[in-house]
Amino acid sequence: MVKRAVEANFDGLVGPTHNYAGLSWGNVASRSNVNSVANPREAALQGLAKMKRLADRGYVQGVLPPHERPHLPTLRALGFTGNEGQVLSAVARTDPALLAAVSSASAMWTANAATVSPSADTADQRVHLTPANLSAKFHRSIEHRVTGRALKAIFSDERYFAHHSALPSVSQFGDEGAANHTRLCGDYGAPGVELFVYGQEAFNDAAPAPVRFPARQTLEASRAIARLHGLTDRHAVFAQQNPAAIDAGVFHNDVIAVGNGNCLFYHEQAFLHEAQVLTDLRERLTGVELAAVRVSSDQVPIADAVSSYLFNSQLLASADGMLLAVPGECREVASVSRYLDTLVQSGGPITAVEVFDVKQSMRNGGGPACLRLRVVLNEDELRAINQNVILTDALYERLTVWVKAHYRDAMSQQDLADPMLLDEVRKALDELTAILGLGSIYDFQM
């Protein structure tokens, strides 16, 4: 019997150290805004406003916490000694790039937090969660331990949830989480097919690979996640991302494709073997036909897709079809804006487009889809999670007050060495873990 289920979105709260350090080679937006002054308070409020709009529409909306930054344990592991002020002063003086890395608020992009398989797909009929090792970027590779603690604090009931450790943090098993994973299905509670998209085969030097920018996800990692989650071949498709797209700035598949329900919205340059991907998906989908919405390069050049983040939008099921929640930049790029107008008039599965302002995140290379981790939950599983993280009117108001009380309205690279910033962050996170009922998940709390 198919259980009634929903797709919940868990958005990352933007952290107090949100800044533009340009740490992500291969992410065009991240590199182009390097050294600009960021506004952490505005960024966090923009993220909360997006969550609130979706919660008001009836979507289950959860909150994931930011990480402690600057991360002193990482600096101490790299040989910096003394009290906290001395450590920050020394790294700022000798290696400011390292200070920027351990101060990054990149955990806000929770599409990279983990890969999640719903119970309808897995062998033991539990929801499986694996934090991404994010080994391609140093500043993100230090996230998975706290991410894992946060996920265990939210999805704690072992009757319903199975947690795995991140894969080995080496390039051959580079894993970027749900940014390269999407699930297609009929009903959310029915068995579906999980699409794992990889950039290269790590152990096959003869296989196609990008030449300009690195491929962050490997086939080997994707297959390992599928095994850990107990997915059979019936529930998994492995597709290679087009290397030319990666070299054009499509560092994750969610920059060029997004899926939900039976709908796959993608650019013609998304996959290396497009026809085979569609065939594999159609063969594995049961009880529903694949609705493939293909965007050609004539309609939207790949450069415009990257600059606007058209495909880094949230695709959400609604009573009248699919809603596409796009960043405001989509209306600033002429080809994309024209395409969106024709899309909703085409009679296809996507029937509505709404614009969301996430400009602070966009300038650092993350759109609406980057800010959320999707978790399909049936009614029993939804009741079993930590209810303190589900966004309500009361929680929204409380978090808004919390952000305004603890976040600065300007953050430059020079501010990261301020010892007072670390104290501000820790005070804020102590209060947040109490609000969200997470317990002690940060190193400084242990």
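Residues whose amide H lies under 5 Å from that of residue 267, counting only those 5 or more places away or on a different chain, are 295; hydrogens are built 1.01 Å from N in the peptide plane.
In the complete set of protein chains, residue-level accessible area for residue 167 is approximately 20 Å², probe 1.4 angstrom.
Each residue of segment 90-103 was assigned a 3J(HN,Hα) from its phi angle through the Karplus curve 6.51 cos²θ - 1.76 cosθ + 1.60 (θ = phi - 60°); the sequence is 5, 6, 5, 7, 9, 8, x, 5, 5, 4, 4, 5, 7, 10 Hz, with glycine and proline shown as x. Rolling a 1.4 angstrom probe over the protein heavy atoms with all chains in place gives the chain an accessible area of 37 Å² per residue. Full extension of the segment from residue 37 to residue 431, taken as 0.36 nm per residue of separation minus the current Cα-Cα distance, would add 139.2 nm.
The ellipsoid that matches the Cα gyration tensor of the chain has semi-axes, each √(5λ) in whole angstrom, of 32, 24, 22, with the longest given first. Using a cut-off of 22 Å between Cα atoms, the listed pairs 359/427; 3/50; 52/359 include 359/427; 3/50 as exceeding that distance.
In this structure, the amide hydrogen of residue 273, modeled 1.01 Å from its nitrogen in the peptide plane, lies closer than 5 angstrom to those of 240, counting only residues at least 5 positions away or on a different chain. Here residue 137 is the anchor, and the aspartates and glutamates within straight C-alpha reach of less than 14 Å, apart from those fewer than 8 places off in the same chain, are 175, 176. Amide H to amide H distances under 5 Å link residue 11 with 62, 63, 64, 373, where only residues 5 or more positions off or on other chains count and H is placed in the peptide plane. Taking 20 Å as the straight-line reach from the Cα of residue 152, none of the lysines fall in range once those fewer than 8 positions away in the same chain are excluded. Highest average first, the peptides 295-303, 73-81, 43-51, 255-263 ordered by how many other beta carbon atoms sit within 10 Å of their residues are 255-263, 43-51, 295-303, 73-81. Between segment 262-282 and segment 37-76, the alpha-carbon centres lie 32 Å apart. The listed peptides 394-403, 182-191, 349-358, ordered by packing as a protection proxy, come out as 182-191, 349-358, 394-403 (highest mean of other Cβ atoms within 10 Å first). Counting only Cβ charges, +1 for Lys and Arg and -1 for Asp and Glu, the dipole size of segment 192-323 around its Cα centre is about 260 debye.
Diffusion of segment 222-272 by Stokes-Einstein, at 25 °C in a medium of 0.890 mPa s and with Rh set to the Kirkwood radius over alpha-carbon pairs, works out to 200 µm²/s. Computed from phi, the 3J(HN,Hα) profile of segment 413-425 under the Karplus parametrisation 6.51, -1.76, 1.60 (θ = phi - 60°) reads 4, 5, 5, 5, 8, 5, x, 5, 4, 4, 4, 4, 4 Hz, with x in place of Gly and Pro. Rounded to the nearest 500, the helix-only mean residue ellipticity at 222 nm of the chain stands at -9500 deg cm²/dmol, with each DSSP H run of n ≥ 4 adding -39,500 (n - 2.57).
The values are calculated or read from the model by the stated rules, or taken from the named source; none is laboratory data. None of these values were measured; they are calculated from a predicted model. In this analysis, Cβ positions are derived from the backbone assuming ideal geometry, glycine residues included, and neighbour counts consider all displayed protein chains. We work out accessible area using only protein heavy atoms, side chains counted, and drop any ligands, DNA or RNA first. Shrake-Rupley method; radii C 1.70, N 1.55, O 1.52, S 1.80 Å.
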